[in-house]
Amino acid sequence: MTSPPDAPQPLHPEKAAATPPDPPTPEPKGAEEWIQILFDPQSFIDSFDQVRTPDPLRFSDSRDYPSRVDEARTKTGHREAIETGVAWLGGQKVIAAVSDFRFIGGSMGFAVGERVVEAMDEARKSKVPFVAVTCSGGARMQEGIVALAQMAKTAGAAQRLHEAGVPMITVLASPTTGGVYASYATQADLIIAE
C-alpha cells in the first residue's frame, strides 16, 4: 500500500524502518522473592497450608490436572499457588498471603481461595493487619465452578476484615488479572501496584 502523494513523509525513512524491538518482559517474581523483599528477615512462618487441591472435574487436556499440580509443586517447591502465614513487617506482626505466578499462573482454585480466607479470618480474629501480594492469571479453569466460587468467598472474607476495622494492604504484582483482581485483590484499604 502506498501513501497518497500529499501525505506527510517521514523525515528519515531509513530510521523509521530501524525501530528497535520491544525489550523482553521480565519474569514475575516468585513468592520467596516477594517474602524476602517485603518482610523482616526470616520472619515468615508458613501457616494455613493444610488445604488439599481437589480435582472436582477430573480435568484432562493434554495431561491430567493432578499431573499439572505435581509439576508445579516440583517447579516451585510450594504446595499451591500461594504462600500464607505470619510475618513481621517493620517490626509489626501481619498475616500474609503471597501468590506465585510460576504455579499454574498463580491461578486461584479451591486451595488458594481457602488459604486466603483462613489467613484473612485469622487476621480479623487476632486484629492483625492482612498483607497480600497478588500475581495471578485468574481463576483456575481446571476446577471449574469450584474455582469461580473462590471469588465470592475471598471477597466476603475481605468484607469481614473491613467490618472488623482490620487494615488490609495489597501489592498488585505483575500480572494480576481475572478472578483474583476482581475479588479480594482490589478490596484492600491500601493498594500498591508493582
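The values are calculated or read from the model by the stated rules, or taken from the named source; none is laboratory data. Treat the numbers as computed from the prediction; the structure is a model and nothing was measured. Positions of Cβ are backbone-derived with ideal geometry, glycine not excepted, and every protein chain shown enters the neighbour counts. Ligands, DNA and RNA are excluded from the accessible area calculation, which covers all protein heavy atoms including side chains. Shrake-Rupley method; radii C 1.70, N 1.55, O 1.52, S 1.80 Å.
Here's how it looks for Ser136: its modeled amide H is under 5 Å from those of Thr176, Thr177, which are all 5 or more places away or on a different chain. GNM on the chain, alpha-carbon springs under 10 angstrom: the most fluctuating residue among Lys93, Lys125, Lys29 is Lys125.
Looking at the range 19-125 alone, DSSP beta bridges between its own residues are antiparallel in about 100 percent of cases. At a probe radius of 1.4 angstrom, the accessible area of the range 44-102 per residue rounds to 52 square angstrom. Computed from the Cβ-Cβ distance with R0 of 45 Å, the FRET efficiency linking Leu89 to Ser67 stands at 0.75. Label Ile37 and Ile191 with points 7 Å out from Cα along Cα→Cβ: what is the distance between them in nm? Going by the 7 Å Cα→Cβ label model, 1.8 nm.
Counting every pair of alpha carbons in the range 81-122, the share spaced more than 18 Å apart comes to 29 percent. Working from label points 7 Å from Cα in the Cα-to-Cβ sense, the Ile45 to Glu27 distance is 3.1 nm. Amide H contacts for Phe59 (H built 1.01 Å from N in the peptide plane; partners 5 or more residues away or on another chain; cut-off under 5 Å): Tyr65.
Only Cα sites of the range 50-133 enter the Debye sum here, all with the same form factor; the resulting log10 I(q)/I(0) across q = 0.17 1/Å is -0.70, listed in q order. For the range 154-159, backbone phi angles converted through the Karplus equation (6.51, -1.76, 1.60; θ = phi - 60°) give residue-by-residue couplings of 6, 5, x, 5, 5, 4 Hz, Gly and Pro being listed as x. Evaluating 6.51 cos²θ - 1.76 cosθ + 1.60 at θ = phi - 60° for every residue in the range 74-91, the Karplus couplings come out as 5, 5, 9, x, 10, 6, 8, 7, 8, 10, 10, x, 9, 8, 10, 10, x, x Hz, glycine and proline recorded as x.
Working note: Karplus 6.51/-1.76/1.60 with θ = phi - 60° gives the range 117-130 the couplings 5, 4, 5, 4, 5, 5, 4, 5, 5, 8, 6, 10, x, 9 Hz, where Gly and Pro are set to x. Residues whose amide H comes within less than 5 Å of that of Val131, counting only those at least five positions distant or on another chain, are Ile95, Ala96, Ala97, Ile169 (H built at 1.01 Å from N in the peptide plane). A straight chain from Ser60 to Ser174 at 0.36 nm per residue would run longer than the Cα-Cα distance by 38.2 nm.
The local environment of Trp34, defined by Cβ-Cβ distances under 11 Å, has a net charge of -4 under the rule Lys, Arg +1 and Asp, Glu -1. Counting only DSSP beta bridges whose two residues both lie in the chain, roughly 40 percent are antiparallel.
Building the convex hull from the alpha-carbon atoms of the range 39-194 and averaging its projection over directions returns 8.5 nm².
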